[in-house]
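Chemist: Right, I'll just put the structure down here and ask away after.
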Amino acid sequence: MTVSAPPTAPVSLRQRALRTVFGAPKDPTDRGVFHRMSLVAFLAWVGLGADGLTSSSYGPEEAFRALGAHTYLALALAAATAFTVWLLSASYRSVIEHFPTGGGYVVASHLLGPRLGLVSGAALVVDYVLTSAVSIASGGNALFSFLPADWAAWKLPLEVAMIALLMVLNLRGVKESVSALLPVFLLFLATHVLLIGWAVASHLGDAPTVAAELRSSFDQGLATIGTGGMVLLFLRAYSLGGGTYTGIEAVSNGLQIMREPRVQTGKRTMTYMAVSLAFTAGGILVAYLLLKVVPVPGKTLNAVLAEATFGGWRLGGLPLGAWLVPLTLLSEGLLLFVAAQAGFIAGPRVMANMAIDSFLPHRFAALSERLTMHNGVLVMGSAALALLFYTEGNIHLLVVMYSINVFLTFTLSQAGMSRFWWQRRDLAERRRHLALHGLALAMCASILGITLVEKFRHGGWLTVTLTSVLVILCLGIHAHYGRAKTGLRQLDEILGSLPTGGRPNREPLDPTAPTALILVRSFDGLGVHLLLSVLRTFPGLYRQFVFVGIAVVDSGSFKGRQEIESLQAATRTDLERYVALTRRLGFAADFATATGIDVVEEGTALTTELARRYPRATVMAGKLVFRRERWFHGLLHNETSAAIQRRLQWLGVPMVILPVRAST
């Protein structure tokens, strides 16, 4: 049955204010909405690649500091960094090609099992919280490196304000937030290409002298710490610079926001990220070495590098260098704030995938009226704020916490892909992919082990604790949903005793007769139980029924026009089955359906219009009840029926909620 849309309610002052801040609603059924919201490769590079690109602001510094007096190893460290970026990006191009629905969580869940998938998902969630916290804290450090020391008290308040701003931007929509931050990204690219290019180019004429100095320092290092000590020192510095690679996986986790064809767009984005990250991270390490950069209290190494590179520049009588130094650090600090965007883009998508698998409350898979994963955005921002307050913005502690989970997810992803290709014995490219993912697995596992041992007592324990607590919490949530599902499955036994033959009632519905408007989801024992409960509770009162179903667009179905059309078709098919069953039972029946993101909003609008058509109608819905009500039931179950009832009561439409017992 086709139901006309109810008249549009006037927009209140509060709604106008909210729409001014967060933007106007978007229609998920609009055929052009995916094209308008999706990102081309360049914008995806801005939104997701900024995380990887700006890791060059703190990853190389951590590695270079770990070398101590043995800075001659920086050249080898730069080469190893560039090779690692290439290796990881190549392996994640393979992940994008074969698992376009998600990154590390999906790979681990499908290839290593749901338990290891949960570990990967929990690590990713904590990792993306840390992405935002690290980027914001590092951005604060960069900005305050050239500001007066007595302004330092404003650093934490500024970081809090930036997280709040990013939360608002991402609640408006991903594309809007990325487009607003594009100028900062371009400024960073321009200043850092100039910084690295000049630092290297200005020393090309001194290449023989530099080579002789490096050879002399290398021989001296061999004499003092030996080959073994040098190798261990290099591996330690290489591992502690693991923060350099932290943004690489974000592309595979954020594939859903990319323009079709998504796989090709994702691969192109990964290429942009790999080239830019290898250039900036490796180039900065070489620049540290060439300009003999040493730590200065209160300044980042990049600040010292910028002053050493641009400090003496003059253009005519103008102090060009005095302008370029703060401009470079400003672009770095602002882009670090932009890089926090990756946590707000990819983190909620990982949470949505986990919610679909019932490891997190199902509400995390829901979309807002702006078609954003608003619950995930709010949690990511709140958790990042909590970490900033706990660590007081200590970037060295945050980077250590960050690197552990990054390489835990890297390791699980590479193990899963190694298994994937090990089982594909019939494919010609099997050996090449096995070598690629096997080498990446060995490298990631080694960095993870060294980082854990080296930094466990210096903040690493907190990451392990947070991830473990989240895993335990997710297991508890999954167990609860499993018990509820088992209890409801008993209702499906009703389906086996339903009449399959008989003469159906083909009478049309009478608008003046008492009518039961039954809210249902899919065709299952729960919905049939609700129908039979209405017949048993109100014997002889209702002789006609209208089944109301909402095709709810969530993160699992909001992937393209085809997925939404499939959702609508499945909803319609289920409702037609309810109608056919009810008519076989001897009653007149019809159905009505709508599509939207909020079942409460759409359900209220649809039943209100049906109540106008059938003035003697009563809305019927079921509510899951437990033997013992717990405080967390309201968090895990949406209480949809009660929310619709409250709205309908205000509108004067009667509604009855019948209990459905879950044997848990």
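The values are calculated or read from the model by the stated rules, or taken from the named source; none is laboratory data. Computed from a predicted model, the values in this text were never measured in an experiment. For neighbour counting, all protein chains shown are included, and Cβ atoms are generated from backbone atoms with ideal geometry for every residue, glycine included.
Chemist: Of ALA133, ALA76, ALA123, which residue is under 25 Å from ALA287 (Cβ atoms) and either in contact (Cβ under 8 Å) with a residue 24 or more places away in the chain or outside any helix (DSSP H, G or I) (or both)? Outline the logic, then answer.
Modeler: Values: ALA133 fails: under 25 Å from ALA287 (Cβ atoms); ALA123 fails: under 25 Å from ALA287 (Cβ atoms).
Going through ALA133, ALA76, ALA123 in turn, the sole match is ALA76.
Chemist: Which one is farthest from GLY652 (Cα to Cα), of the residues in region 608-625 that are under 35 Å from the mean Cα position of the chain (by Cα) and in contact (Cβ under 8 Å) with a residue 40 or more places away in the chain? Before the answer, list the steps.
Modeler: Filtering region 608-625 for residues under 35 Å from the mean Cα position of the chain (by Cα) gives 621-625.
Subsequent filtering for residues that are in contact (Cβ under 8 Å) with a residue 40 or more places away in the chain retains 621-622, 624.
On the way: ALA621: 17, GLY622: 20, LEU624: 24 Å.
Applying the filter and picking the extreme gives LEU624.
Chemist: Then there's this: Read through the list (1) surrounded by fewer than 20 Cβ atoms within 10 Å (Cβ to Cβ); (2) at pLDDT 80 or above, then give the number of the only condition that GLY316 fails.
Modeler: (2)
Chemist: Mind telling me which of the residues ARG572, ARG616, ARG612, ARG630 ends up being under 20 Å from ARG363 (Cα atoms) and surrounded by fewer than 16 Cβ atoms within 10 Å (Cβ to Cβ)?
Modeler: Checking each option against the conditions leaves just ARG630.
Chemist: Ok, one more. In the list LEU495, LEU473, which residue meets the criterion of being modelled with pLDDT under 85, surrounded by fewer than 17 Cβ atoms within 10 Å (Cβ to Cβ) and among the aliphatic types (A, V, I, L, M)?
Modeler: Working: LEU473 fails: modelled with pLDDT under 85.
Of the residues listed, the single one that is modelled with pLDDT under 85, surrounded by fewer than 17 Cβ atoms within 10 Å (Cβ to Cβ) and among the aliphatic types (A, V, I, L, M) is LEU495.
Chemist: Moving on. Only residues in region 224-252 that are in the same structural domain as LEU43 (by TED's automatic domain parsing) count as the first member; pair them with residues that are hydroxyl-bearing (Ser, Thr, Tyr) and part of a loop (DSSP other than H, G, I, E, B), Cβ under 6 angstrom, at least 6 apart or cross-chain, and list the lot.
Modeler: Hits for this filter: GLY243/TYR58.
Chemist: Residues of region 241-296 being among the hydroxyl-bearing types (Ser, Thr, Tyr), surrounded by 24 or more Cβ atoms within 10 Å (Cβ to Cβ) and in a helix (DSSP H, G or I), which ones? Walk me through it before giving the result.
Modeler: Start the filter on region 241-296 by keeping residues that are among the hydroxyl-bearing types (Ser, Thr, Tyr), which leaves 244-246, 252, 265, 269, 271-272, 276, 280, 288.
Within this subset, residues satisfying the condition of being surrounded by 24 or more Cβ atoms within 10 Å (Cβ to Cβ) are 244-246, 252, 269, 280, 288.
Those that are among the hydroxyl-bearing types (Ser, Thr, Tyr), surrounded by 24 or more Cβ atoms within 10 Å (Cβ to Cβ) and in a helix (DSSP H, G or I): THR244, TYR245, SER252, THR269, THR280, TYR288.
Chemist: Only one of LEU624, LEU606, LEU648 is buried (at least 16 other Cβ atoms within 10 Å of the Cβ), assigned by TED's automatic domain parsing to the domain that holds GLY527, hydrophobic (A, V, I, L, M, F, W, C) and assigned to a strand (DSSP E or B). Can you tell me which?
Modeler: Details: LEU606 fails: assigned to a strand (DSSP E or B); LEU648 fails: assigned to a strand (DSSP E or B).
Checking each option against the conditions leaves just LEU624.
Chemist: Something else: Take THR571 and tell me if it is within 25 Å of GLN256 (Cβ to Cβ), part of a strand (DSSP E or B) and assigned by TED's automatic domain parsing to the domain that holds ILE644. Please lay out each step first, then the result.
Modeler: Numbers: within 25 Å of GLN256 (Cβ to Cβ): yes; part of a strand (DSSP E or B): no; assigned by TED's automatic domain parsing to the domain that holds ILE644: yes.
When the stated conditions are applied, THR571 does not pass them.
Chemist: Give me a count of the residues in region 331-368 that are in a helix (DSSP H, G or I), among the aliphatic types (A, V, I, L, M) and closer than 15 Å to SER135 by Cβ. Break it down into steps so the answer makes sense when it comes.
Modeler: As a first pass, look at region 331-368 and keep what is in a helix (DSSP H, G or I): 331-339, 341-356, 362-365.
Narrowing further to those that are among the aliphatic types (A, V, I, L, M): 334-336, 338-339, 342, 345-346, 350-352, 354-356, 365.
Imposing the further condition that a residue be closer than 15 Å to SER135 by Cβ reduces the set to 334-336, 338-339, 342, 345-346.
Total meeting the criteria: 8.
Chemist: Kindly indicate whether MET380 is closer than 30 Å to ALA123 by Cβ and in contact with a Cys (Cβ under 9 Å, 6 or more places away or on another chain). Steps first, please.
Modeler: Numbers: closer than 30 Å to ALA123 by Cβ: yes; in contact with a Cys (Cβ under 9 Å, 6 or more places away or on another chain): no.
When the stated conditions are applied, MET380 does not pass them.
Chemist: Restricting to region 83-114, name every residue that is assigned to a helix (DSSP H, G or I), small (Gly, Ala, Ser) and surrounded by fewer than 19 Cβ atoms within 10 Å (Cβ to Cβ). Give the derivation first.
Modeler: Here is the first cut: in region 83-114, the residues assigned to a helix (DSSP H, G or I) are 83-98, 104-112, 114.
The next check asks that each one be small (Gly, Ala, Ser); those that pass are 89-91, 94, 104, 108-109.
Residue satisfying the conditions is ALA90 alone.
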